[in-house]
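Worksheet for the structure shown next.
The values are calculated or read from the model by the stated rules, or taken from the named source; none is laboratory data. All values derive from a computational prediction rather than experimental measurement. Cβ placement follows ideal geometry from the backbone for every residue including glycine, while neighbour counts extend to all protein chains displayed. Protein only, heavy atoms only, side chains kept; ligands, DNA and RNA dropped before computing areas. Shrake-Rupley method; radii C 1.70, N 1.55, O 1.52, S 1.80 Å.
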Amino acid sequence: MQTLIENVNILNPSEEIQTSMSVLIEDNLIKEISRSVNTKANVNVIDGEDNYLLPGFIDCHTHIFAKGFHKQENMANPLGIHFYNAVPHSLQTLNAGVTSIRDCGSADLSFKLAQQRKLFPAPKVYLSITPLVMTGGHFDLLLPSGFDMEIIYPGFPKGRCDGVEEVLKKTREVKRAGADFIKVMCSGGVLTTNTSPEFAQFNKKELKTIVCEAKANDMKVSAHCHSLKGMNNCIDAGFSSIEHGTFIDRKTSKRMVENNVSLVPTLLVHQFLYKNGFPSWDSYASEKTAKLKEIVKVHKENISVAYDEGVNILMGTDSGVIPHGHNLEELGHLIDVGMSEDEAISSGTVKAAEFLDQDNLGLVKENYVADLILVNSNPLDDISILSVNDNILKVMQDGVIVK
């Protein structure tokens, strides 16, 4: 099957815009890009109407099953709702121009298989299954009441583990459950009671054990980490990425560059939560808001330092903690820390694809996968146009229009 997109302006990061081009897609790949394309008789023709064609975006930090991580809802809802939520969340994500996601906890192998089998429209997914959590750490959801609010079911392992032997076994369990990478909670966080973002979690021996086992299986390890000490522990252990990185400083930024550690700052989530707050029925809303106040104060300033030092920064939103479908608002926040429009787009396309070891994704290029978006104006002139979903006219995944 062939599809021809005519009369489009192709925008790839770090390249001159190619104007008035035609793009021929065969099956799931871009076969030819030129001003004059020879096609088969039954080709499906799309008039691009002089709009802008970009690679589909990759959100490097989402939770596609999640709807705010509200413990009360987990307790009240049948387990099936946990899975059904992924259907509207996936559509919202695609409509925002995101064709692939890196899920940092909650999605399981069933979602990946459902996407591959086209059971419903959904972004492609790279799974962590569930994060490794120390007892009493971020996302240990055992409440003071003694009730454990962690969602578990057959095929989905519990994340809590302590000590070298337990973290080794848990890494293997998560891999067995279908993980593409390992996620570890290496500092306190906002959403878990009785933890604080500035404190490190897990010790170096535990962290090195996790990384050693993951690397033996050619898997990267990602750290939820706000804490400065926690980040340095992760760099020492050989982690591939730091998520959030709130209290990062110049010295740690330099160490990340030296050790090829990427940063996914998720700037949007803290700003969104601080502006919009938590539901009135959330018993822990005041505690979470107090933590957010400290984080919002320093986060952008510190990420600016990381950018200045040359840290590889990737686009991620923490969607699921906040409502899905706002993904490309993150690009504006990346520009606020110093990135150019071109760099911001790159962080969510070709740079993200490189981090995921996908060498034929993230560009509008011949022999690349046809994950594409068509937008109604040039985002290099105004990046905010990408944050309005109505400006994203079409979304194509594997050569098929999904919006």
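Can you tell me the dipole magnitude for the chain around its Cα centre, using point charges on the Cβ only (Lys, Arg +1; Asp, Glu -1), in Debye to the nearest 20? All intermediate terms of the calculation are to be shown ahead of the outcome.
Details: 38 positive and 51 negative charges, 275 e Å.
My answer is approximately 1320 debye.
For residue 291, give me every one of the aspartates and glutamates with a C-alpha distance below 20 angstrom, ignoring sequence neighbours fewer than eight places off in its own chain.
Qualifying aspartates and glutamates at Cα under 20 Å: 140, 198, 243, 249, 282, 301, 318.
Enumerate cysteines in the chain without a disulfide-compatible partner, where compatibility requires another Cys Cβ under 4.7 angstrom.
60, 104, 161, 212, 234
Give the carbon-plus-sulfur fraction of the accessible surface of the stretch 291-403 in %, rounded to a whole number; probe 1.4 Å, heavy atoms of protein chains only. Please list the in-between numbers first.
Values: 1830 of 4070 Å².
In the stretch 291-403, the share of accessible area belonging to carbon and sulfur is 45 percent.
Beta carbons within 10 angstrom, averaged per residue: use that to sort the peptides 393-402, 150-159, highest first.
393-402, 150-159
Please give the per residue accessible area of the stretch 143-230, computed with a probe of 1.4 Å over protein heavy atoms only, in Å². Don't jump to the answer; show the numbers that get you there.
Details: 3980 Å² over 88 residues.
I get 45 Å² per residue for this part.
Roughly how many percent of the accessible protein surface of the stretch 1-52 is carbon and sulfur, given a 1.4 Å probe and a whole-percent answer?
39 percent
Quick one: helix 86-95 against the long Cα principal axis of the chain, what's the angle to the nearest 10°, folded into 0 to 90?
Once rounded, one gets 50 degrees.
Rounded to the nearest 500, what is the 222 nm mean residue ellipticity of the chain from helices alone, with -39500 (n - 2.57) per DSSP H run of 4+ residues and division by all residues?
Values: 13 runs with 130 residues, N = 403.
Value at 222 nm, helices only, nearest 500: -9500 deg cm²/dmol.
Taking only protein heavy atoms into account and a 1.4 Å probe, give the accessible area per residue of the stretch 291-356 in Å². Mind dumping the intermediate values first?
Values: 2050 Å² over 66 residues.
That works out to 31 Å² per residue.
Residue 38: net charge of surrounding residues, Cβ under 14 Å, Lys/Arg +1, Asp/Glu -1, itself excluded?
Values: positive: 31, 35, 40; negative: 6, 26, 32.
Charge balance in the 14 Å sphere: 0.
Apply the a/c threshold of 1.5 to the C-alpha gyration tensor of the stretch 126-173 and tell me whether it is rounded, prolate or oblate.
Details: a/c = 2.00, a/b = 1.28, b/c = 1.56.
The shape class here is oblate.
Give me the percent of the accessible area of the stretch 102-183 that comes from carbon and sulfur atoms, probe 1.4 Å, all protein chains in place.
60 percent
Based only on Cα atoms, what Rg/Rh ratio does the chain have, Rh being taken as Kirkwood's radius?
Details: Rg = 20.9 Å, Rh = 21.5 Å.
Taking Rg over the Kirkwood Rh, I get 0.97.
Rounded, prolate or oblate for the stretch 1-125? Axes are the square roots of the Cα gyration tensor eigenvalues, ordered a ≥ b ≥ c, and the cut-off for rounded is a/c under 1.5.
Numbers: a/c = 3.35, a/b = 2.29, b/c = 1.46.
Prolate, because a/c is 1.5 or more and a/b exceeds b/c.
Which order, highest average first, do 60-71, 294-305 follow once you tally other Cβ atoms within 10 Å for each residue and take the mean per peptide? Working shown, then result.
Working: 60-71: 22.8, 294-305: 17.5.
The peptides rank, most packed first, as 60-71, 294-305.
Please report the antiparallel percentage of DSSP beta bridges with both residues in the chain, rounded to the nearest 5. Display every interim value, and only then the final one.
Values: 25 of 56 bridges.
If we restrict to bridges inside the chain, about 45 percent are antiparallel.
What lysines could a cross-link reach from residue 170, if we take a straight Cα to Cα line under 20 Å and drop same-chain neighbours fewer than 8 places away?
Hits, sequence-local ones excluded: 158, 183, 204, 205, 208, 215, 220.
What is the sum of charges, Lys and Arg at +1 and Asp and Glu at -1, for the other residues whose Cβ falls under 12 Å from the Cβ of residue 61?
Values: positive: 102, 183; negative: 59, 103, 243, 318, 330.
Local net charge: -3.
What is the sum of charges around residue 361, taking Lys and Arg as +1, Asp and Glu as -1, for the other residues whose C-beta is under 12 Å from the C-beta of residue 361?
On the way: positive: 124, 351, 365; negative: 354, 357, 359, 371, 398.
That works out to -2.
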